[in-house]
1. I'd like the residue in the range 30-48 that is surrounded by fewer than 21 Cβ atoms within 10 Å (Cβ to Cβ) and among the polar types (S, T, N, Q) and, out of all such residues, is modelled with the lowest pLDDT.
2. Are any residues in the range 154-167 under 21 Å from G48 (Cβ atoms) and touching a helix residue (DSSP H, G or I) at 6+ places or on another chain (Cβ under 7 Å), and if so, which ones?
3. From the list S125, S66, exactly one residue is of a type in the set (G, A, S), within 30 Å of T40 (Cα to Cα), surrounded by 14 or more Cβ atoms within 10 Å (Cβ to Cβ) and in contact with a helix residue (DSSP H, G or I) (Cβ under 9 Å, 6 or more places away or on another chain). Which is it?
4. Restricting to the range 94-104, give me the number of residues that are out of contact with any Leu (no Cβ under 9 Å at 6 or more places or on another chain) and either closer than 30 Å to P45 by Cα or free of Cβ contacts under 8 Å to residues at least 24 places away in the same chain (or both).
Amino acid sequence: MKRVAALLCLAVALPGLASCGLRPLYADGSHGVVARNIGTVSLDPIEGKTGWLMGNALHDRLAAISGGAGPNYRLHVELSDQITGFGVRSGDTVTRERRTLRARYQLFDSATGVLVMEATTGSDSGFDAAGSEYATIAAEDTALERLVEIVADQIVTNMAQKLSAEGKAAPASPPAAER
C-alpha cells in the first residue's frame with residue numbers, strides 16, 4: 001500500500017518537475033548547445049606532479065565534450081597546492097592535515113586570443129597524519145588524487161555552463177530563405 005501511495009505521489013509530482021524550466025547541461029548529446037559551442041579545447045602545460053595529474057583529468061573530461069563545430073579554445077590553468085598541519089600532539093607531532101587545491105583558470109578563444117572566461121575554483125580534504133611517514137605520504141597522495149578529480153570536474157562544468165549560456169544568448173541565424 002505504501003508503494004502505491006509513493007508511486008501516486010511521484011506521478012503527481014513529475015509534471016510539475018518537467019515544467020520547472022530546468023534543462024540538462026549536456027542535453028541532446030553531440031547536437032546540444034555545449035557540444036556545438038565547443039570545437040576543441042587545448043590545454044596549456046601545467047607544472048609539477050599536481051599539474052600532470054590535473055592535465056590528465058582535464059584531457060579525459062574535455063575529450064568527452066570537444067569536437068563540435070564551434071570555435072577552438074585554449075585553457076590555461078595555474079594551481080596552488082598546500083598542506084596544512086593541525087591537531088598537534090605533545091612533542092609537536094601533527095595528528096591531522098588538510099590539503100587544499102586551488103585552480104585559477106582562463107579560457108581563451110584560440111583564433112582571436114580573446115579571454116572568454118576567467119575563474120577560480122578549488123576544494124580541500126582533511127586526513128589523519130599517521131604514525132608512519134609512508135602512511136602519511138600515501139594519505140597525502142590519495143587526497144591529492146581526489147582533489148584533482150573534484151577540481152577538474154568543477155572547471156569543465158563551469159566552462160560548459162558559460163558556453164551553454166553564450167549559445168542560448170546568440171541563436172543561430174535563420175536560413176537565407178527566411179531573411
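The values are calculated or read from the model by the stated rules, or taken from the named source; none is laboratory data. Treat the numbers as computed from the prediction; the structure is a model and nothing was measured. Cβ: placed from backbone, ideal geometry, glycine included. Neighbour counts: every protein chain shown.
1. Restricting to residues being surrounded by fewer than 21 Cβ atoms within 10 Å (Cβ to Cβ) and among the polar types (S, T, N, Q), the top hit is S30.
2. Our first condition is that a residue be under 21 Å from G48 (Cβ atoms); within the range 154-167, this holds for 154-156.
Once the filter is applied, which keeps residues that are under 21 Å from G48 (Cβ atoms) and touching a helix residue (DSSP H, G or I) at 6+ places or on another chain (Cβ under 7 Å), the range 154-167 yields I155, V156.
3. Of the residues listed, the single one that is of a type in the set (G, A, S), within 30 Å of T40 (Cα to Cα), surrounded by 14 or more Cβ atoms within 10 Å (Cβ to Cβ) and in contact with a helix residue (DSSP H, G or I) (Cβ under 9 Å, 6 or more places away or on another chain) is S66.
4. Keep residues of the range 94-104 that are out of contact with any Leu (no Cβ under 9 Å at 6 or more places or on another chain), which gives 94-98.
Cutting the leftovers down to either closer than 30 Å to P45 by Cα or free of Cβ contacts under 8 Å to residues at least 24 places away in the same chain (or both) gives us 97-98.
Summing the residues that are out of contact with any Leu (no Cβ under 9 Å at 6 or more places or on another chain) and either closer than 30 Å to P45 by Cα or free of Cβ contacts under 8 Å to residues at least 24 places away in the same chain (or both) in the range 94-104 gives 2.
This table checks each residue for (1) crowded, with 17+ Cβ neighbours inside 10 Å; (2) touching a residue at least 60 places away in the same chain (Cβ under 8 Å); (3) under 30 Å from F86 (Cβ atoms); (4) small (G, A, S).
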| position | (1), (2), (3), (4) |
| --- | --- |
| Q106 | no, no, no, no |
| T112 | no, no, no, no |
| E118 | no, no, no, no |
| A130 | no, no, yes, yes |
| I137 | no, no, yes, no |
| L144 | yes, yes, yes, no |
| V151 | yes, yes, yes, no |
